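K.L.:
Sending over a structure as structure tokens; questions will come in a sec.
Please treat every number below as a calculation from the coordinates, not as lab data. Quantities reported herein were computed from a predicted structural model and do not represent experimental measurements. As a convention, Cβ positions derive from the backbone with ideal geometry for all residues, glycine included, and neighbour counts pool all protein chains shown.
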Amino acid sequence: MKRLLGVALGILTAIGGFVDIGDLVTNAVVGSRFGLSLIWVVAVGVVGICVFANMSGRVAAASGRATFEVIRERLGPRAGLANLSASFLINLMTVTAEIGGIALALQLASSVNYLLWIPLAAVAVWLVIWRVKFSIMENVTGLLGLTLIVFAVALFLLKPDWGTLASQAIPAVPAEETGATYWYFAIALFGAAMTPYEVFFFSSGAVEEGWKIKDLIQSRINVLVGFPLGGLLSVAIAGCAAVVLLPAGISVTSLSQVILPVAEGAGKLGLAVVLLGIVAATFGAALETTLSSGYTLAQFFGWSWGKFRAPAKAARFHVSMIICLLVGIAVLATGVDPVLVTEYSVVFSAVALPLTYLPILIVANDPQYMGKHVNGRGVNVVAMVYLVVILVASLAAIPLMIVTGAGA
Amino acid sequence: MKTPRPPGSDPLAPIPPVAGQTLDAQLHLLDRQVLDSDGVPVTTVDDLELGAPEGEPETPIETVIPTGTPAPVLRALLTGPVLGTRIFGGRPPSSRLIRIPWADVASVGVVVRLGVSGQGLDADWVERWIRDKIIARIPGGRRDPR
């Protein structure tokens, strides 16, 4: 019974933890402009993150090594440092976007300007990282994030014509959009679903929680059930936007437009629930990305790290996270639109994807690290196919960004 | 690339036979995580220091190595600013190197384990400084989360 409860809890937190500000904004933008015609990308992204999150968890459990230690060992200091610089900067951008997301959601709930919420949000994030136990942090934010199911509820309450909605789901470029913008947003959606920080966080979390090989079944269930259901949440967000915003000709540029369909479909109560969900989801993701920035730095340089240690026993790790949060506050204090930061962060995430996923794939095949737990042939075939997809998306992202004027 | 030997010089002394495991510096040592005797991460192996075996005279760098010079031995694991010079080129003066003596290494596997605690090592001074000056002064800094 207790084990069953553990499995259920793991799945629920995986669902609630899947959606972050990148998924929220990108899915709503895509839904409001392309209907459901890009929904296939979410499916592709979810399968990819399942494969690689699983792999990085297995590497961490079998060898006790987290992702960035492995990246440095395999790529050497020079390529490793280039990788660290890119991954770290993009991660910092995501931290900034998530904190901005918390502040925007709090603004919608309180009518107090989001700029005033930013320092509070950042301090709250730091306090949780400083004091709260890893597993409690994961479970609470994950479970509260589950309230985002209200997007799916709202979609039903909106009573759309399911036939037309389903017919939208066929991949096709809408008449009023160009092929370039279609593919640009395909890459953004892919980047949002597969954000590299999830892998840093997943593998470091495995070390934090002291996973052994026997715990892998549990984690595999979490990933293989939780992430696809989280992906369904993403689809519901896009669906809501496709039903309400697309016919009205509203293209999403702010968080209030993201939740507009929920207000229309599920009323005041729905609005209250969705705001709670967005705060929980962005707060959870802010914790994960902030920790990830500490993880990447500490693992590259070989510092002592981890929430399982007292802060004094992982001093550089904690100082670097404090600095990251301060940088995030400083960037947001300039008045830059957090939604815009989010839109760029998901595309740059797509650019950086191969940097994370290739080294993991190499190590997952290395018997010195993995013993008999090296990748099976099936996993390798899927992973290789994904590597090609990731590489194409990564190379095409910047040119498409320039050609489309960042999707304008 | 093979450079022709100057005429009249003899080949270097052959590698002496070694007992036990052979380590490839690039593959098994460089960029590996170093843990101390309590399993706490200390650093990553940023570079290695080679030198003449005990009792032998040091060969000055950037000179022709005379015939009959014994093979160098691994002196220490290096860390600190030496990572910068390893990436961008150059060589810090010997006095600036932060060393972990090879004698302190207990085992080499997926990680390099030391036989000593990291607390007293030079390699850990930045960590100790940040701990004592910043982290330990923030309330709750020494509280164990578990």
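K.L.:
Quick one: Debye curve from the alpha-carbon atoms of region A:284-362 only, equal weights, vacuum; give me log10 I(q)/I(0) at q = 0.28 Å⁻¹ to two decimals.
P.N.:
-1.27
K.L.:
Okay, moving on. Can you give me the long-range amide H partners of B:Ala106? Hydrogens built in the peptide plane at 1.01 Å from N, cutoff under 5 Å, separation of 5 or more residues or another chain.
P.N.:
B:Arg113, B:Leu114, B:Gly115
K.L.:
Let's test this: bin the Cα-Cα distances of region A:340-408 at 10 Å from zero up to the farthest pair and state each bin's percent.
P.N.:
Using 10 Å bins, I get a P(r) of 19, 38, 24, 14, 4 for region A:340-408.
K.L.:
Residue by residue through region A:237-247, what is 3J(HN,Hα) from phi via Karplus (6.51 cos²θ - 1.76 cosθ + 1.60, θ = phi - 60°)? Round to whole Hz and write x for glycine and proline.
P.N.:
4, 5, x, 4, 5, 5, 7, 9, 7, 4, x
K.L.:
While we're looking at this one, here's another question. Considering amide H positions built from the backbone, and no H for Pro or chain starts, which residues 5 or more places from B:Val42, or on another chain, come under 5 Å of its amide H?
P.N.:
For B:Val42, the qualifying residues are B:Val34, B:Leu35, B:Asp36.
K.L.:
Apply 1/(1 + (r/R0)^6) to the Cβ-Cβ distance of A:Ala272 and A:Val132, taking R0 = 22 Å, and write down the FRET efficiency to the nearest 0.05.
P.N.:
0.30
K.L.:
Could you list the square roots of 5 times each eigenvalue of the Cα gyration tensor of chain B, that is, the equivalent ellipsoid semi-axes, sorted largest first and rounded to whole Å? Walk me through the numbers before you get to the answer.
P.N.:
Numbers: eigenvalues 279, 63, 34 Å².
Working through the eigenvalues yields semi-axes of 37, 18, 13 Å.
K.L.:
To continue, here is another question. Looking only at other chains, what is the average number of their beta-carbon atoms within 10 angstrom of each beta-carbon in A:71-82? Intermediate results must be reported in sequence, preceding the final value.
P.N.:
Details: counts 1, 5, 9, 1, 1, 5, 10, 3, 1, 3, 4, 1.
Shielding by partners across A:71-82 averages 4.
K.L.:
Name the long-range amide H neighbours of B:Leu121: under 5 Å, sequence gap of 5 or more, or other chain; modelled H, no Pro or chain starts.
P.N.:
Amide H neighbours of B:Leu121, under 5 Å, 5+ apart: none.
K.L.:
Check each of the GluC sites (Glu not before Pro) in region B:32-139 and keep only those in coil by DSSP with at most 16 other C-beta atoms within 10 angstrom; list them in order.
P.N.:
Details: sites: B:Glu49, B:Glu54, B:Glu58, B:Glu62, B:Glu127; in loops: B:Glu54, B:Glu58, B:Glu62.
Loop-located and lightly packed - B:Glu54, B:Glu58, B:Glu62.
K.L.:
Using a Förster distance of 56 angstrom, determine the FRET efficiency expected from the C-beta separation of A:Lys372 and B:Thr63, and round it to 0.05.
P.N.:
Values: r = 50 Å, r/R0 = 0.89.
With R0 = 56 Å, the Cβ-Cβ based efficiency is 0.65.
K.L.:
If I histogram all Cα-Cα distances within region B:72-114 using bins 5 Å wide from 0, what percent of pairs lands in each bin?
P.N.:
Per 5 Å bin, starting at 0, the Cα pair percentages come out as 6, 20, 24, 23, 18, 9, 1.
K.L.:
Rounded to the nearest angstrom and ordered from largest down, what semi-axes does the equivalent ellipsoid of region A:1-85 get from its C-alpha gyration tensor (root of 5λ)?
P.N.:
Values: eigenvalues 172, 115, 23 Å².
So the three semi-axes of region A:1-85 are 29, 24, 11 Å.
K.L.:
Hey, what do the phi angles of region B:115-131 turn into as Karplus ³J(HN,Hα) couplings, whole Hz, using 6.51/-1.76/1.60 and θ = phi - 60°, x for Gly and Pro?
P.N.:
For region B:115-131, the Karplus-derived couplings read x, 10, 6, x, 4, x, 7, 4, 4, 9, 5, 5, 4, 5, 4, 5, 4 Hz, x marking Gly and Pro.
K.L.:
Where Rh denotes the Kirkwood radius from the mean inverse Cα pair distance, what is Rg over Rh for region A:1-159? Mind dumping the intermediate values first?
P.N.:
On the way: Rg = 18.6 Å, Rh = 18.8 Å.
Expressed as Rg/Rh, it is 0.99.
K.L.:
Here is a further query. Using only the Cα atoms of region A:263-408, build the gyration tensor, take square roots of its eigenvalues as a ≥ b ≥ c, and label the shape rounded, prolate or oblate: rounded if a/c is under 1.5, else prolate if a/b is larger than b/c, else oblate. If you can, show how the numbers build up before the last one.
P.N.:
Working: a/c = 1.66, a/b = 1.20, b/c = 1.38.
Oblate, since a/c reaches 1.5 and b/c is not below a/b.
K.L.:
Quote to one decimal, in nm, the extra length available between A:Ala152 and A:Leu391 on full extension: 0.36 nm per residue of separation minus the C-alpha distance between them. Can you show the working numbers first?
P.N.:
Values: separation 239, 0.36 × 239 = 86.04 nm, distance 3.26 nm.
Answer, rounded to one decimal: 82.8 nm.
K.L.:
Could you give the distance between the Cα centres of region A:200-228 and region A:348-408, to the whole Å?
P.N.:
Rounded to whole Å, the Cα centres lie 20 Å apart.
K.L.:
Return the FRET efficiency for the residue pair A:Ile250, A:Asp215: r is the Cβ-Cβ distance, R0 is 35 Å, and the value is rounded to the nearest 0.05. List each step's numbers first, then the result.
P.N.:
On the way: r = 46 Å, r/R0 = 1.31.
The value I calculate is 0.15.
K.L.:
Quick one: grab the alpha carbon gyration tensor of region A:317-375, order the square roots of its eigenvalues as a ≥ b ≥ c, and give me rounded if a/c is under 1.5, else prolate or oblate depending on whether a/b is larger than b/c.
P.N.:
Numbers: a/c = 5.71, a/b = 2.08, b/c = 2.75.
Oblate, because a/c is 1.5 or more while a/b does not exceed b/c.
K.L.:
Next question, about the same structure. How big is the equivalent ellipsoid of region A:84-209 along its three axes, where each semi-axis is √(5λ) from the Cα gyration tensor, reported in whole Å from largest to smallest?
P.N.:
Numbers: eigenvalues 201, 91, 64 Å².
Values for region A:84-209, descending: 32, 21, 18 Å.
K.L.:
Could you tell me the convex hull volume per residue, in Å³, taken over the Cα atoms of region A:2-404?
P.N.:
Numbers: hull volume 54.4 nm³, N = 403.
Given the Cα convex hull of region A:2-404, per-residue volume reads 135 Å³.
K.L.:
If you split all Cα-Cα distances of region A:157-206 into 10 Å bins from zero, what percentages do you get per bin, shortest first?
P.N.:
Values per bin, smallest distances first: 20, 29, 28, 19, 4.
K.L.:
Given the Cα-Cα distance of A:Val7 and A:Glu176 and 0.36 nm per residue of separation, how much length would full extension add, in nm? Please list the in-between numbers first.
P.N.:
Values: separation 169, 0.36 × 169 = 60.84 nm, distance 4.56 nm.
Taking A:Val7 through A:Glu176 to full extension adds about 56.3 nm, to one decimal.
K.L.:
Here's something else I'd like to know. Can you tell me the dipole magnitude for chain A around its Cα centre, using point charges on the Cβ only (Lys, Arg +1; Asp, Glu -1), in Debye to the nearest 20? Mind dumping the intermediate values first?
P.N.:
Values: 21 positive and 18 negative charges, 275 e Å.
Approximately 1320 debye in magnitude.
K.L.:
Along each principal axis of its Cα atoms, how long is region A:36-85 end to end? Whole angstroms, biggest number first, please.
P.N.:
43, 27, 12
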